[in-house]
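Each remark here refers to the structure printed beneath this line.
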Amino acid sequence: EAGVAQSPRYKIIEKRQSVAFWCNPISGHATLYWYQQILGQGPKLLIQFQNNGVVDDSQLPKDRFSAERLKGVDSTLKIQPAKLEDSAVYLCASSLSGLSSYNEQFFGPGTRLTVL
Amino acid sequence: KQEVTQIPAALSVPEGENLVLNCSFTDSAIYNLQWFRQDPGKGLTSLLLIQSSQREQTSGRLNASLDKSSGRSTLYIAASQPGDSATYLCAVTGGGKLIFGQGTELSVKP
């Protein structure tokens, strides 16, 4: 079974530029998560989708971050404009369903973003 | 607000030692607790998941315990190997969310 796919794996941009990350979850997984992991910290949830609807985006900096999952499968996370403090690893995870009792989340390899 | 803390932040041991990683959380109303491993440049791999009604889980050389009343969990690694070198993260779940600690970076020296 294929795992969670993410691209690109690495990205270096200048501050104030825009960037987009892509995630393809495990087939059949209804719930998709985007996490931000700053160096030396644990991952922090940015946004959770159930199919193509947003369940939780309370920690997403909406003035610069946006995410979509239009067809309920793959998802993109965008940052515009980027700031230095956005340098982090962006992890995507998926689970069968995240609405009721906990379903195990499976993580992709992440995208490492460096903002100069 | 749930907070998860892991001590120590980094640990270096010689090969063959038994070791314990610690995790504490502030709100005992958790659904379960999970230990992950993260290798450099890689995503997270789930190691053990302990449901709130359980006290411990074992997988090979790994044993994780959970004491909800005191807000603590430990991950015991027996007979450590260089291949165990990685960052170990604990996370608690509540309301369908995973809340992570900051991780313990483990280095096992040959």
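Return one quarter of the surface area of the convex hull spanned by the alpha-carbon atoms of chain B, equal to its mean projected area, in nm².
Mean orientational projected area (chain B, Cα hull): 6.5 nm².
Over the protein assembly as shown, with a single point scatterer placed on each C-alpha, what log10 of the ratio I(q)/I(0) does the Debye formula yield at q = 0.07, 0.11, 0.12 1/Å?
Values, matching the q order: -0.22, -0.55, -0.66.
When you have a sec, figure out the Kirkwood radius of chain A from all distinct Cα pair distances and drop it here in Å to one decimal?
14.1
Which listed residue (A:SER94, B:THR87, A:ILE79) has the Cα farthest towards the positive end of the charge dipole for the protein assembly as shown, taking +1 on Lys and Arg C-beta and -1 on Asp and Glu C-beta about the Cα centre?
A:ILE79
Among A:LEU116, B:LEU62, B:LEU98, which comes first, then next, by fewest other beta-carbon atoms within 10 Å?
Neighbour counts put them in this order, fewest first: A:LEU116, B:LEU62, B:LEU98.
Using a simple spin-label model with points 7 Å from Cα along the Cα→Cβ vector, what separation in nm is obtained for A:GLN80 and A:VAL55?
2.8
So which trypsin sites (Lys or Arg not before Pro) in the range B:43-105 end up in coil per DSSP with only 14 or fewer other C-beta atoms within 10 Å?
Here the sparse-neighbourhood loop sites are B:ARG55, B:ARG61.
List the GluC sites (Glu not before Pro) within the range A:10-102 that fall in a DSSP loop (any state other than H, G, I, E or B) and whose Cβ has at most 14 other Cβ atoms within 10 Å.
Taking the range A:10-102 and a limit of 14 other Cβ atoms within 10 Å, the loop GluC sites (Glu not before Pro) found are A:GLU14.
Cross-chain or 8 or more residues apart, Cα under 29 Å: how many lysine pairs in chain B fit that? Count them up, please.
Final tally of qualifying lysine pairs is 6.
Can you grab the distance from the C-alpha centre of the range A:54-115 to the C-alpha centre of the range B:11-69, Å, no decimals?
24
Trypsin sites (Lys or Arg not before Pro), restricted to the range A:36-116: which are DSSP loop and have at most 15 other Cβ atoms within 10 Å?
Within the range A:36-116, the qualifying trypsin sites (Lys or Arg not before Pro) (loop, at most 15 other Cβ atoms within 10 Å) are A:LYS62, A:ARG64, A:LYS71, A:LYS83.
With +1 assigned to the C-beta of every Lys and Arg and -1 to the C-beta of every Asp and Glu, and no other charges, what is the dipole magnitude of chain A about the Cα centre in debye, to the nearest 20?
380
Please state the charge dipole magnitude for chain B, taken about the Cα centre, from unit charges on C-beta atoms (+1 on K and R, -1 on D and E), reported in debye and rounded to the nearest 20.
Taking the Cα centre of chain B as origin, the dipole is about 220 debye.
Read-outs throughout are calculated quantities, based only on the coordinates presented, and are distinct from any laboratory measurement. As the structure is a computational prediction, the values presented were derived from the model and not from experiment. Cβ: placed from backbone, ideal geometry, glycine included. Neighbour counts: every protein chain shown.
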